[in-house]
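Here the structure comes first, spelled out in structure tokens, and everything after it is commentary.
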Amino acid sequence: MSVTNLRPNIDHWQERVDLAAAFRWTARLDMHEGVANHFSLAINDDGTRFLMNPNQMHFARIRASDLIEVDANDPKTLEGLDAPDPTAWGLHGAIHRHCPHARCAMHVHSIHATVLASLADSNLPPIDQNCATFFNRYVIDDGYGGLAFEEEGERCAGLLQDPKKKVMIMGNHGIMIIGQTVAETFNRLYYFERAAETYIRALQTGQPLRILSDEIAEKTARELETYPEQDERHLNELKAILDEEGSNYAS
């Protein structure tokens, strides 16, 4: 029997399962931060209704059935029993209202991406294949204005208008990754953290960096963008591991 048939009363079940798996693996990789940070996934055509993690629930415990539905156009969302974290609604609500290409949005304060965001120069030079993945495909926010309540969320959303820029390095804050699906977005989140770690560790050696040419970096980024099914296979393997371990993420 499929999981969908086991829980017929909850809509968007497969999306919930995928998102729950992403939460669990983000915690396992220590890319979360306590009970903060948040992921969202649009569930209607214009993207203004979306799934999100419950307020202050640890990523390592989130199940598919725990995810709440949020309306980006309804401020009363913050008044209900299942109200999301106000900064989560401010940031993700603004992105889903203004960036229809951002079907999925993942915000974390992962260690190496946050270190990068804390440097005076937060650019990520293409020093290896993972770094080259993001060549000309990120935007740096150097105007941090405090916690991401509604006004700050609107400002951040304004920086993600170019569909090619799917990573926002949030200066003095963390990282925001967007994409079309949970698999695509989580895969991008994972590889950005790996790329940031490679760069930070390379800086720590104090040795000159071997930086790829713009031509090769762009070629590499394009090749990886069209690499077949890598993101889906990545998430499917992670779900398979969780299933083998008897995890309750898909409940």
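Within the chain, the whole DSSP H helices whose Cα atoms reach 27 Å or more along their own axis and whose mean Kyte-Doolittle score is at least -0.5 are 182-205.
If we count every other residue with Cβ under 14 angstrom of Ala221's Cβ, Lys/Arg +1 and Asp/Glu -1, where does the sum land? Before the final figure, lay out the partial values.
Details: positive: Arg137, Lys164, Lys165, Lys166, Arg188, Lys219, Arg222; negative: Asp128, Asp214, Glu215, Glu218, Glu223, Glu225.
Neighbourhood net charge equals +1.
With a simple spin-label model that places each label point 7 Å from the Cα along the Cα-to-Cβ direction, the separation between Ala240 and Thr205 comes to 3.4 nm.
Restricting to Cα atoms and excluding each atom paired with itself, what does the Kirkwood estimate give for the stretch 1-122 in Å? Let's see the in-between values first.
Numbers: mean 1/r = 0.0664 Å⁻¹.
In the stretch 1-122 this quantity evaluates to 15.1 Å.
For Asp46, Asp231, Asp18, what's the fewest-to-most ordering of other Cβ within 10 Å of each Cβ? Don't skip to the end; give the middle numbers.
Details: Asp46 11, Asp231 21, Asp18 25.
Ascending number of Cβ neighbours within 10 Å: Asp46, Asp231, Asp18.
Over the chain, what relative contact order in percent results from Cα pairs under 8 Å that are six or more residues apart? Before the final figure, lay out the partial values.
Numbers: 446 pairs, mean separation 57.7, N = 251.
Across the chain, relative contact order equals 23 percent.
Taking the number of other C-beta atoms within 10 Å as the exposure measure, put Thr48, Thr226 in order starting with the fewest.
Values: Thr48 17, Thr226 7.
The order, fewest Cβ neighbours first, is Thr226, Thr48.
In whole Å, how far is the Cα centre of the stretch 42-76 from that of the stretch 155-182? The two parts, judged by their Cα centres, are 18 Å apart. Against the compact-protein benchmark of 2.2 N^0.38 Å, the Cα-based radius of gyration of the stretch 83-125 scales to 1.44.
Remark on the stretch 9-244: ratio of C-alpha radius of gyration to 2.2 N^0.38 Å is 0.98.
Quick note: the coordinates plus some simple rules give every number you see, no bench work behind them. Remember, it's a predicted structure, so these values are computed and weren't measured experimentally. Positions of Cβ are generated from backbone atoms using ideal geometry, with glycine treated the same way; all protein chains shown enter the neighbour counts.
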